[in-house]
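Engineer: Sharing a structure below in structure tokens format, with a few things to ask.
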Amino acid sequence: MSLPDYKSTEKQSSAAHPNSPVVQLNVGGHLFSTSLSTLRKHPDSMLAELFSRQPKLHSDAQGRYFIDRDGSHFGAILDFLRSDRLPSENIQEVHREAVYYNIKPLIKVLEETPRLFGELVGRQQFLSRVPHYKENIEVLIRIARAEAVAARHSTIIICVLRTEEDLGFYDNAINSLEADKESVVTFGPWKAILSVKDLLDCVKMDIESQGYRVSIRPHILERSFLSRSYDFFHKLTFTWW
């Protein structure tokens, strides 16, 4: 008569039981304990779907239900499900998780906080009116990386045309530029009250959010006695080290 396998018994005892009201979770290596009722609080959420009747998840080696996602902010999700408690920090990160798990009440209240309201309703609405904004950010980063070989800085000229009237002067302005005209990245024009400085702040913010260090300053053109001065151009400088 053989003795029972202790390791097998231990694993079974710690395994997730579908009918248990207590749920052990492993979210990307972060461990949590909660209840089925908490996970099912909002019926149209992904968590409610995952733990409806028969859970639709695999288990880890210890029998905990495993969600293959970074669990750094999952605690804030559970806090809201348990007591409607809102996070006081990492608002954008928690909002991203709320969107992923489709917890609509949390999404709504987070989007009404000053920080996200300003980002989603203010800044993003403005940027949606600037033609090819996201594509231009990608082009700037690509050009800067191409020019980074054996250099501490990469400098790119950007042209910002605030109005249709500015656009009418573009050809004359670009012809007065001594720098490589092929690598100039142009933003605008746009139909919104925000200024050139607002646009430049957005460019800097969105590039720095990807981990780069950048600075922006006006690019002053040499002006002859008879020529017009244009203030459309700015130097965007990446610092690598």
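The values are calculated or read from the model by the stated rules, or taken from the named source; none is laboratory data. The structure presented is a predicted model; accordingly, all values stated were derived computationally and were not measured. Note that each Cβ is placed from the backbone with ideal geometry, even for glycine, and that neighbours are counted across all protein chains shown. Surface areas here come from the heavy atoms of the whole protein model, side chains and all, with no ligands, DNA or RNA. Shrake-Rupley method; radii C 1.70, N 1.55, O 1.52, S 1.80 Å.
Engineer: Local charge sum around Asn102 (other residues, Cβ-Cβ under 15 Å, Lys/Arg +1, Asp/Glu -1)? All intermediate terms of the calculation are to be shown ahead of the outcome.
Structural biologist: Values: positive: Arg40, Lys41, Lys56, Arg69, Arg96, Lys104, Lys108; negative: Asp44, Glu49, Glu97, Glu111.
Neighbour charge sum, excluding Asn102 itself: +3.
Engineer: Quote the accessible area belonging to Asp84 in square angstrom, nearest 10, computed with a 1.4 Å probe and with ligands, DNA and RNA left uncounted.
Structural biologist: 90 Å²
Engineer: Kindly sort Tyr170, Tyr100 by accessible area of their heavy atoms, largest first, with the probe set to 1.4 Å. Intermediate values should be presented prior to the final figure.
Structural biologist: Details: Tyr170 60, Tyr100 85 Å².
Order by accessible area, largest first: Tyr100, Tyr170.
Engineer: Report in % the part of the accessible area of the chain that belongs to carbon and sulfur, leaving out ligands and nucleic acids; probe 1.4 Å.
Structural biologist: Details: 7850 of 14990 Å².
Answer for the chain is 52 percent, counting heavy atoms of protein chains only.
Engineer: Same structure again: Which trypsin sites (Lys or Arg not before Pro) from the stretch 65-117 combine a DSSP loop assignment with at most 16 other Cβ atoms within 10 Å? Mind dumping the intermediate values first?
Structural biologist: Details: sites: Arg69, Arg82, Arg85, Arg96, Lys108, Arg115; in loops: Arg69, Arg85.
Those satisfying the criteria are Arg69, Arg85.
Engineer: Just check the stretch 165-241 against the gyration tensor rule for me: Cα atoms, a ≥ b ≥ c as the square roots of the eigenvalues, rounded for a/c under 1.5, and otherwise prolate or oblate depending on whether a/b exceeds b/c. Write down the numbers at each step before the final one.
Structural biologist: On the way: a/c = 2.32, a/b = 1.45, b/c = 1.60.
Note, shape of the stretch 165-241 comes out oblate.
Engineer: Follow-up question, since we're still on this one. Given the options Gln62, Phe169, Met46, identify the residue whose Cα lies farthest towards the positive end of the charge dipole of the chain (+1 on Cβ of Lys, Arg; -1 on Cβ of Asp, Glu).
Structural biologist: Sorting the options by dipole projection puts first Gln62.
Engineer: Is there a quick way to get the dipole size of the stretch 130-239? I mean about its Cα centre, with the Cβ of Lys and Arg at +1 and of Asp and Glu at -1; what is the value in debye to the nearest 20?
Structural biologist: With Lys and Arg at +1 and Asp and Glu at -1, about 320 debye.
Engineer: If we count every other residue with Cβ under 12 angstrom of His73's Cβ, Lys/Arg +1 and Asp/Glu -1, where does the sum land? Numbers along the way, then the final one.
Structural biologist: Working: positive: Arg69, Arg96; negative: Asp70, Asp79, Glu89, Glu93, Glu97.
Local net charge: -3.
Engineer: Filter the GluC sites (Glu not before Pro) in the stretch 112-162 down to the DSSP loop ones having no more than 16 other Cβ atoms within 10 Å, then list what survives.
Structural biologist: Details: sites: Glu112, Glu119, Glu135, Glu138, Glu147; in loops: Glu112, Glu147.
Here the GluC sites (Glu not before Pro) that fit, given the DSSP loop and packing criteria, are Glu112, Glu147.
Engineer: 222 nm [θ] for the chain, helices only, -39500 (n - 2.57) per DSSP H run of 4+, per residue, to 500?
Structural biologist: Numbers: 12 runs with 92 residues, N = 241.
Result for the chain, helices only: -10000 deg cm²/dmol.
Engineer: Tell me the angle of helix 91-101 to the major Cα principal axis of the chain, expressed in degrees between 0 and 90 and rounded to the nearest ten.
Structural biologist: 60 degrees
Engineer: For Ser37 and Asn102, what does the FRET efficiency come to when R0 = 25 Å and r is the distance between their Cβ atoms, rounded to the nearest 0.05?
Structural biologist: 0.90
Engineer: Could you tally the net charge around Glu111, taking each other residue with its Cβ under 11 Å from the Cβ of Glu111, Lys/Arg +1 and Asp/Glu -1?
Structural biologist: Working: positive: Lys104, Lys108, Arg115; negative: Glu112, Glu119.
Local charge sum for Glu111: +1.
Engineer: In addition: I'd like the accessible area for Phe232: 1.4 Å probe, protein heavy atoms, all chains in place, Å² to the nearest 10.
Structural biologist: Counting only protein heavy atoms, the figure is 10 Å².
Engineer: Accessible area per residue, 1.4 Å probe, Å², for the chain: what's the number? Let's see the in-between values first.
Structural biologist: Details: 14990 Å² over 241 residues.
On a per-residue basis, the chain sits at 62 Å².
Engineer: Using only the Cα atoms of the chain, what are the Rg and Dmax in Å?
Structural biologist: 26.8, 106
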